[in-house]
Protein chains: 2
Amino acid sequence: MTLQQLLGEIVGARNVLTAPEDTKPYFTDWRRQYSAEAECVVRPASASEVSAVIALCAREEIAVVPQGGNTGLVGGSVPTGECREIVLSLARMNRIRAIDVLNDTATVEAGCVLAAVQRAADDAGRLFPLSLAAEGSCQIGGNLSTNAGGVNVLRYGTAREQVLGLEVVLPDGRIWNGMRALRKDNTGYDLKQLFLGAEGTLGVITAAVLRLFPKPTATATAWIALDSPRAAVELLGLLRSRVGDRLSAFELISRACLDAVLRHSAEIHDPLPAAQPWYVLAEFGDSGSSELLRERVESALEECAERGALRDAAIAQSNEQTRGLWRIRETIPEAQFTNVKHDVSVPVSRIPEFIEVTERELGKAFPAVEIYCFGHVGDGNLHYNVGPENLMTRREEVSRIVYDALKAFDGSISAEHGLGQLKREEVRRHKDPLELELMRALKRTFDPKGLMNPGKVL
Amino acid sequence: MTLQQLLGEIVGARNVLTAPEDTKPYFTDWRRQYSAEAECVVRPASASEVSAVIALCAREEIAVVPQGGNTGLVGGSVPTGECREIVLSLARMNRIRAIDVLNDTATVEAGCVLAAVQRAADDAGRLFPLSLAAEGSCQIGGNLSTNAGGVNVLRYGTAREQVLGLEVVLPDGRIWNGMRALRKDNTGYDLKQLFLGAEGTLGVITAAVLRLFPKPTATATAWIALDSPRAAVELLGLLRSRVGDRLSAFELISRACLDAVLRHSAEIHDPLPAAQPWYVLAEFGDSGSSELLRERVESALEECAERGALRDAAIAQSNEQTRGLWRIRETIPEAQFTNVKHDVSVPVSRIPEFIEVTERELGKAFPAVEIYCFGHVGDGNLHYNVGPENLMTRREEVSRIVYDALKAFDGSISAEHGLGQLKREEVRRHKDPLELELMRALKRTFDPKGLMNPGKVL
């Protein structure tokens, strides 16, 4: 029998895709930067089917590329074409298995779309806080495998911190059942941590037990104008001391980003009367009433203004105004689409200096440089994009300057997007050899044949 | 040269202890259940000294028992006497290296006493939330190595969740510098997770970068009487929906525990006029004023009372009353000192049934059984102690009943204390063989000679 036939016996012939028109969306990444052929796409419906598929591939020495919603930005979920590979799509494993409101947990399969998990939690009167641009199509298994971030990390942490239990199919096909729903369990090594953020290179996550949170009943949104990134970092500290964890998002936006958005969309207007150099979009959540929260935010912002910590601020007075402010933030990526992108992090306290130094170095090398700097400042995470468009031909030189600056600031070359294929070479310049050696030792221990998502991460 | 002389060349002769009166406190655990001799106690002052000591031990095939404050409850920090061992005390590595208020991080050495870390954070206007009974003498390195829990887990998580970066000396003596101060870093496997909670069996944590939080300016404390553990779990859900994460502790206390405390200490009085079957001690924290918070807690509790969710409640009206309520909780351990102790967890939703079933099964086997049940219900964590004293001679039978019940409820035999020597046999009955195999594979990968804290965990 052919490989496809053997796989068909496990998952049913119609769940083994081979026709180019069927496989194409699975073989190309979302940004269309990576594309390669594989033997086929396999769509199992259960952990035991995943187990049988992987055991077969292990016997036949065929590599497995696990794929969720295929919305990743670093080429981690598509084949490399460098060996015999299959794409393993988790999309059919999309059941919410259980919601336990008293334990504040959701038990879900890897192929659940993130928005469906959020909705299921919401229907049960709870919050699942992981939230990011691709939430309508990305899958929770992918979110966990890449330790996804997003807009609520400041308050709730990254994907890793949302997980109490995992079910994982190991590279030899055995199923590890770590589906515990416990908030405390100190009985040996915390194995689930290995698979979270491993981008499918150590095994395939097939299900998870996720934490849920009380649903905020009140929200407030503020658009704040500032002198500088330094002012933003100081305001963050001030606001956190005044309103604590009610602050759930704190997004820095440069004037260049706002200008790009205003040029891009005629429907969006500058929320403030005068142009300002920097902005922060801040979101607050709380139990109780929105009026109470808004009053509290207003008085904290007034206090900050009196101290000279901000230039101007507007608080959204309606849901429509809130949506309008967030639309600015969400439009930034498309408003400056073609340039050299970086997803980086530094300690929050070092953001101002990192921005200054990097801009200066880029300006020396490229006098016409345009910098689009925005991101989750509360997490030290900047999306640092460098134009104009014609710099795309010199992207390696551009990134070298950014990444060298990062190194000086003890930063990370991938804050939330992972390594995938895009950054697996670059990371070797940044990690100390011992750390790379330990990573390789883990890979060899779990996947001695090197068949799990090869050519990614390591 | 003798081993002691070689070690003395590294750390200085006076930091190698061999006289019985000097070594005794290091060779016996806090509960005096485990005691064994080792070659000596070595007290290095820096990561490079730790590195040299461990490299020497690796060459000489001598086992290393890392020790912090030696306050653990499972015999994890003392020698086993089964091979040539040294105790490696981290106590001299007790510097707070830095506090970064804008990044909300503290960089500390492993030997810092937990209370000193809390104090350093407090002095900088921040909160380090890890808090537990031994905080005056336990050390942060031990807290991280055992993934310590305590009273603030409901709101802030366990020790693992407080860590951004680690420095670890590996079993061959090399130093892994993972001292990143980043809230987001997706550049490969998250190695620090392996050492957190590993009880020193994979390497020695020598320093860490810890998260800090805004300091609550308001607190409120309530003593709440309830019908049953089920009512407690339901009240937890209700309160969380009303006050969100302002709820920072939620401690269940049975009437038997309160009675034991009242018998034990003449200075402590029942906070409520009538005897009640169960109690919860709830702590709330917030920014803003305590009056505002207290009003909010009062109105939430009134609402709960109207729904019949509680029998009676008292809110502390002064710091003295708050201390009085917490004294009840803190006196429970000494008030019922000699009995068969268990530190277990189940999903929060299953606590009521677990308590019912276990009490029934124990009652069948031991008609005169006395159960002291209390703990961190918000985390699903119970301290489930079984008397009277004469049952100590039948502790294995008693624990068998408790642990078998746990298994049926998908619980953990060690919620926050770890495995150490005490539970390393028992855990084999609870974990599936594949999980134990993976744990052993990790141990072999990192510590092929088996020299790091042997006889613990695995």
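Some notes on this structure:
- Distances in nm from A:Arg255 to the matching label points in the other copies, shortest first (labels 7 Å along Cα to Cβ): 7.1
- Taking every protein chain into account, the accessible area of region A:222-320 amounts to 41 square angstrom per residue (probe 1.4 Å).
- Projected onto planes of every orientation and averaged, the convex hull of the alpha-carbon atoms in chain B covers 22.7 nm².
- Summarised as an ellipsoid, region A:192-267 has semi-axes of 34, 21, 15 Å, derived from the eigenvalues of the Cα gyration tensor scaled by 5 and square-rooted, with the largest first.
- Burial of 40 Å² or greater, region B:93-125 residues [accessible area, probe 1.4 Å, versus chain by itself]: B:Leu102, B:Asn103
- Compactness of region A:120-195 is given as radius of gyration and Dmax, 13.7, 40 Å, from Cα positions.
- Only protein atoms count toward the accessible area here, which uses a 1.4 Å probe; on region B:155-222, the carbon and sulfur part of that area reaches 44 percent.
- Under 24 Å of direct C-alpha separation, and excluding same-chain neighbours fewer than eight residues apart, A:Lys215 reaches these lysines: A:Lys184, B:Lys215.
- Among beta bridges that DSSP assigns inside the protein assembly as shown, antiparallel share in %, nearest 5: 85
- Annotation for region B:1-105: GluC sites (Glu not before Pro) lying in DSSP loop with at most 13 further Cβ atoms inside 10 Å of their Cβ are B:Glu37, B:Glu61, B:Glu82.
- Here A:Lys443 is the anchor, and the aspartates and glutamates within straight C-alpha reach of less than 14 Å, apart from those fewer than 8 places off in the same chain, are A:Asp172, A:Glu199, A:Glu435, B:Asp190.
- Rounded if a/c under 1.5, otherwise prolate or oblate - region A:1-115, Cα gyration tensor axes: oblate
- Across peptide A:237-245, the mean count of Cβ atoms from other chains lying within 10 Å of each residue's own Cβ comes to 6.
- For B:Glu302, inter-copy separations between label points set 7 Å beyond Cα along the Cβ vector come to 2.7 nm, shortest first.
- Considering the rotation that superimposes chain B on chain A, the residue of B whose beta-carbon lies nearest the axis, and that distance in Å, is B:Gln193, 2.
- Taken across both chains, chains B and A shield about 6800 Å² of accessible surface from a 1.4 Å probe.
- Among the protein heavy atoms of region A:1-96, carbon and sulfur supply 45% of the accessible surface, probe 1.4 Å, non-protein parts ignored.
- Shape call, region B:218-330: gyration tensor on alpha carbons, a/c limit 1.5: oblate
- Antiparallel content of DSSP bridges confined to chain B, in %, to 5: 85
- Whole-number Å³ per residue for the convex hull built on Cα positions in the protein assembly as shown: 173
- With its label point defined 7 Å out from Cα along the Cα-to-Cβ axis, A:Gln317 lies at 4.3 nm from the matching points of the other copies, in increasing order.
- Contact residues in region A:286-329 by the 40 Å² criterion (accessible area, 1.4 Å probe, full protein complex versus chain alone): A:Ser287, A:Arg296.
- Shown are B:Asp22, A:Asp270, whose ranking by accessible area with a 1.4 Å probe and every protein chain present, most to least, is B:Asp22, A:Asp270.
- Among A:Leu247, A:Ile99, A:His383 the positive-end extreme of the charge dipole of chain A (Cβ point charges): A:Ile99
- Our summary gives region B:217-288 a relative contact order of 59 percent, counting only alpha carbon pairs under 8 angstrom and 6 or more residues apart.
- The listed residues B:Thr80, B:Thr219, once ranked by accessible area (1.4 Å probe) with the largest placed first, stand as B:Thr219, B:Thr80.
- Members of B:Lys24/B:Lys423; B:Lys407/B:Lys449; A:Lys423/A:Lys449; A:Lys449/B:Lys456 lying beyond 28 Å, as alpha-carbon distances in this model show: B:Lys407/B:Lys449; A:Lys449/B:Lys456
The values are calculated or read from the model by the stated rules, or taken from the named source; none is laboratory data. Since we're looking at a predicted model, the values are computed, not measured. Neighbour counts are summed over all protein chains in view; Cβ atoms, including those assigned to glycine, are modelled from backbone coordinates with ideal geometry. With ligands, DNA and RNA removed, areas are computed over all heavy atoms of the protein, side chains included. Shrake-Rupley method; radii C 1.70, N 1.55, O 1.52, S 1.80 Å.
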